[in-house]
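Here's the structure we're looking at; comments come further down.
Nothing in this text is a laboratory measurement; each read-out follows from the coordinates by a stated rule. The structure displayed is predicted, hence computed values, not measured ones. Positions of Cβ are backbone-derived with ideal geometry, glycine not excepted, and every protein chain shown enters the neighbour counts.
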Amino acid sequence: MKQKILNNLIGFVLSIAVLAAGVFGGMYFLKSKPEAQRRRPMSSMVPVVETAPFTIGEQTLKVDCLGTVVADTAASIQAQVSGRIEEINSRLVEGELVRKGSILVQIEKVDYQLALAKAEASLMTAQTKLRIEEGQQDAVRHELEMMGGDVSDSHRDLMLREPQLKSAQAAVRSAELAVESAQLNLDRTTIRAPYDAVVVRRNADVGDFASASKVLVELAAIDRYFIRASVPLNSLNSLPEIGSRAYPAMVTLSDGSKREAKTYRLLPDLSERGRMARILLTVDDPYEGNSGRQMLLGEYVRVSIEGEPVD
């Protein structure tokens, strides 16, 4: 038992000795570490400056900001008549360009052709009845002339079948309107592009049923895009006539491509984030007539607006 206590005591003393040796050794190395010596700067490191006299001149104030590309004109094309889709333009693919007047979607025509033929037949019947009525009126008028024409005006209208004639004329007019309506519905089975546009989204295919409640294709006009930008309120001091004057601007896309733009108008409300003023700029021909790639809807761009010149 005594031997065991003695061994534990010797182990404890040795542990204390090792720990103390480590502490004293660390302190020694810290005190004996080398110190960095300061050196005087070499003559080649002296900065060289160039002086220039002040000059008074005109300086153009610039307003730099960020903006988002949005469409100037966009349309969600819906059918005005219902029917099965029998043909779709091969260029009706997202990102493709379609020209004004080109056929986008063709709805089956058969039912509307039959309706037009029926309306034309009804018009011919009404016209025939009108001609018969006009002939009868001529015959009655001739008889009245033979009788000397001594008839009161109220009886004359009845004898000349004026009410029947007006009814026949009204029937002809109604039949003509029915033909125009049937022709209009037939024309509406062919859906055309309202302007030069890029296809944003396509929601129809051959065999689908088109109705007035279904959007077939979404288009965005490519003649002009808008850029919606936000600037600090104090930046408007550099653009005092932004409502009545178009200030030139340069737009930089994410890949470094440049586009010329101009301010269009100051929007009436502030941005939700930052409470900054919002400006609308226009870019003409965002797809054609510019160097670099086309602009993309929803793209973030950098905008530099040239404001008023100052001395």
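Structural remarks
- Nitroxide proxy distance, nm - points 7 Å out along Cα→Cβ at residue 18 and residue 190: 9.9
- Highest-first arrangement of 214-221, 162-169, where packing means the average Cβ count within 10 Å: 214-221, 162-169
- Qualifying GluC sites (Glu not before Pro) in the stretch 47-87, where qualification requires a DSSP coil assignment and no more than 11 other C-beta atoms within 10 Å, comprise 50, 58.
- Of 166/214; 118/214; 100/258; 109/166, pairs whose Cα-Cα distance is over 32 Å: 166/214; 109/166
- Inter-label distance, nm, simple model (7 Å from Cα along the C-beta direction), residue 58/residue 120: 6.9
- Centre separation in Å (Cα based) which lies between the stretch 248-309 and the stretch 159-207: 44
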